[in-house]
1. Search the range 183-198 for residues being assigned to a loop (DSSP other than H, G, I, E, B) and in contact (Cβ under 8 Å) with a residue 40 or more places away in the chain, and hand back the single one that is surrounded by the most Cβ atoms within 10 Å (Cβ to Cβ).
2. How do the pairs read when you match residues in the range 398-409 that are at pLDDT 95 or above with residues anywhere that are in a helix (DSSP H, G or I) and crowded, with 24+ Cβ neighbours inside 10 Å, using Cβ under 6 Å and keeping only pairs 6 or more apart or on different chains?
3. Tell me which residues, restricted to the range 138-168, are in contact with a strand residue (DSSP E or B) (Cβ under 7 Å, 6 or more places away or on another chain) and loosely packed, with under 15 Cβ neighbours inside 10 Å.
4. Against the definition (among the basic types (Lys, Arg) and under 29 Å from Lys215 (Cβ atoms)), how does Arg140 come out, yes or no?
5. Looking at the range 80-106, I want the residues that are under 14 Å from Ala50 (Cβ atoms) and of a type in the set (Gly, Ala, Ser) and have a partner that is in a loop (DSSP other than H, G, I, E, B) and at pLDDT 95 or above with Cβ atoms under 7 Å, at least 6 apart or on another chain. Which pairs are those?
6. Kindly list, by first and then second residue, each pair from a residue in the range 26-46 that is without any contact (Cβ under 8 Å) to a residue 24 or more places away in the chain to a residue that is not small (Gly, Ala, Ser), limited to pairs with Cβ atoms under 9 Å and residues at least 6 apart or on different chains.
7. Would you check if Leu201 is buried (at least 20 other Cβ atoms within 10 Å of the Cβ) and either over 23 Å from the mean Cα position of the chain (by Cα) or modelled with pLDDT under 95 (or both)?
8. State all residues of the range 375-415 that are farther than 30 Å from Arg486 by Cβ and in a strand (DSSP E or B); if no residue qualifies, say none.
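The values are calculated or read from the model by the stated rules, or taken from the named source; none is laboratory data. Source: prediction; values computed, not measured. Positions of Cβ are generated from backbone atoms using ideal geometry, with glycine treated the same way; all protein chains shown enter the neighbour counts.
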Amino acid sequence: MTPAPLGAISTSHHLATEAGAAVLRAGGNAIDAAITAAATLCVVYPNNVALGGDLVAIVRSPDGEIRFLNATGTAPAGQSIEALRDVHGDALPLRGIDTITVPGGIRGWEALHQLGATRQWNEHLAPAIGYASGGFPNSRSVARELRAAQPTLAQDPGARDVFYPGGEPLAEGDTLVQPALARSLEQLAAAGPDAFYEGDLARSWVAGLQRLGSKITLEDTAAYRPFWDEPIETEFRGLRVLTGPPNTSGFMFLRALNAITAGIAEPLGEGAGKLARAFYESNLVRTMLLSDPTFDGATGDELIAAVAPDRPIRGDAKASGDTVGFSAVSADGWAVSFINSVYWDFGAHILEPETGIIFQNRGTSFSLDPESPNAFAPGKRPRHTLMPVMVLEGDELRYVPATMGGAAQPQVHTHLLERMLAGADPAEATHAPRWMVEEITGDTQVSVVVESDVSDTAKASLEAEGFAIVTVPSRDESLGHSNVIRIDRHADGSVGYSAASDPRSDGSAAVVDGAG
C-alpha cells in the first residue's frame, strides 16, 4: 500500500521548493514549510522578495478555521503629505528612499510561527543562511532583471557590490553570494523577529536608511504589528472562493467571478472581451477607491459592489519583478496561500550595505492627492496588489493557488480557476496561455497583453470589445508566476495532492510522500 502523502509545496524558485519540501519530509507542517520557503526566497529571488518587504497570507488550520494575515507595512510617523508634495510634486517617484515603508514581512513570519509552527524559529532560516553565505547559481529571472535594472540599480552602492561585480550584472548560472545578508539572517535566527524591529539589526538598517534621507525611525519599527482579519469570499460554480480584504486587491478577483456568474459564457474564449471589460472596470475601482480600511477606506463588500466610473482613470505604472506567491499544504490539515513582496523588481533599488537587505518601494502606491482615499498619511498602509486565495467545496479544501503579477493578480487567478474547473490539472492550468488587461497609464487605448498562443477566438473577442492587442511570446514572465496545489479526494477516502509551478518562473512543485 502506498503511504499517504505528507503534503505539497509549490514555489517560484526550485531551491525554495526543495527547502520547504525537506521540512515536510522531516515531519513539519505547511506553516513550517512556508516560512522556510519564504526565507529562502528572500535570498535566491531578490528581484521579487526580500527581508525589507511585506506579506499577506490566507491560512486554513486543522480545525477548519480560515484566517487572513495582513503584514503590509506602514508609512513613517515623521513623514507628511505636505513634505512629500514639496519634494515630489503631485506624485511620488517609482523608486527611491521616500517609497520605502516599514517592512511587515518578518512580523508576518512571526505571526504564522506563533499560530502553528512545530519547528524552532532558527530552523526556518537555516537554508536561507546557507544560500546567502555559501552562494548558489543565479536564476534566469534574477539575471534578466539585473540587466534590465542596471541603469538605476547599479548606481546604488550596496546593490552594485553584490549584483554587479566588476561592473557587469551577474549572469544566469553565476554564483550569487550575499555575506552581509547572511550575517543579518544569522542575527535574525539567533534573536528572533524582534532583532529586525527593535534590536541591533533594526538599529543597523534604520540608521543606514536614515543616512539616505528616510523618515523611518526605531519608534516606527518597534510599534509595527501585523493583524489577523476575516477573508472576503464569493460563491462560484458551487465553490467558496476566499481572498484578502482591503488594503489588498482581492475584491477584484471576486468581482470577475461574479461577472462570469452573471452571464459571461466561455470567458477565456468567445466571452474574453466581456471578461476583459470586467477586469478593466475593476482596475478603475481599485484606482478610485482602494485604500487602508483602518483609515476609513472602503470595505471589501463596498468595493465588490462599487460601480466603475464612466471615465478612464490613470492607474499605477506597470510593475516588473514584483512578488512571490506560493502554496503549501500538509496532511495534518494546515494550508497556506502565501505572498511575500518588494513590489517592483528589487523594490526601491536600495540595498542597505551594512545589512545586505533590499527594501520595498510600496510607498509609491500612495497618492499625493489630499482628496484621494489612498492619500499618504503617517502610519497608513498603501493600497496593495497582493492577494492570497483559497478555494473550498463546502468546508473541504479544494485548491490553494497563489500568484505574482502586480495589479494583474486577480486576472491570473481567474484564468487558473476557470481552466481547472473546466478540467485542467494544475500543470495544464499554470502552463496555459494567458492575457492581461493593463491599467491606464496614458491617453491611449486600453491594451491587453496577449501571449502568442492565446486562441484566435479570444483575441477576436478582445478586439471586438475595443481593446488594443499587445502580443508577447508564449509563457512570458510579464504574465505572472503562479503556483497551485489541488487536493484530490479519492473514492476510498484517501487524500492526495496535485501541484504545479508556473513555467514563466524558476520554480518547481513537490508532493512529499510518506515514504520520505
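1. Just the residues of the range 183-198 that are assigned to a loop (DSSP other than H, G, I, E, B), to begin with: 192-193, 198.
So of that shortlist, the ones also in contact (Cβ under 8 Å) with a residue 40 or more places away in the chain come out as 192-193.
Working: Gly192: 15, Pro193: 19.
It comes out as Pro193.
2. Sorted first by the residue in the range 398-409, then by its partner, the pairs are Pro401/Leu416.
3. The one that is in contact with a strand residue (DSSP E or B) (Cβ under 7 Å, 6 or more places away or on another chain) and loosely packed, with under 15 Cβ neighbours inside 10 Å: Arg140.
4. no
5. These pairs meet every condition: Gly104/Thr72; Gly104/Gly73; Gly104/Tyr224; Gly104/Pro226; Gly105/Leu51; Gly105/Gly53.
6. Short answer, once both residue conditions are applied: Ala26/Asp32; Ala26/Arg119.
7. On the way: buried (at least 20 other Cβ atoms within 10 Å of the Cβ): yes; either over 23 Å from the mean Cα position of the chain (by Cα) or modelled with pLDDT under 95 (or both): yes.
Yes.
8. Initially, the range 375-415 is screened for residues farther than 30 Å from Arg486 by Cβ, giving 375-383.
Scanning the range 375-415 gives a single hit, Ala375.
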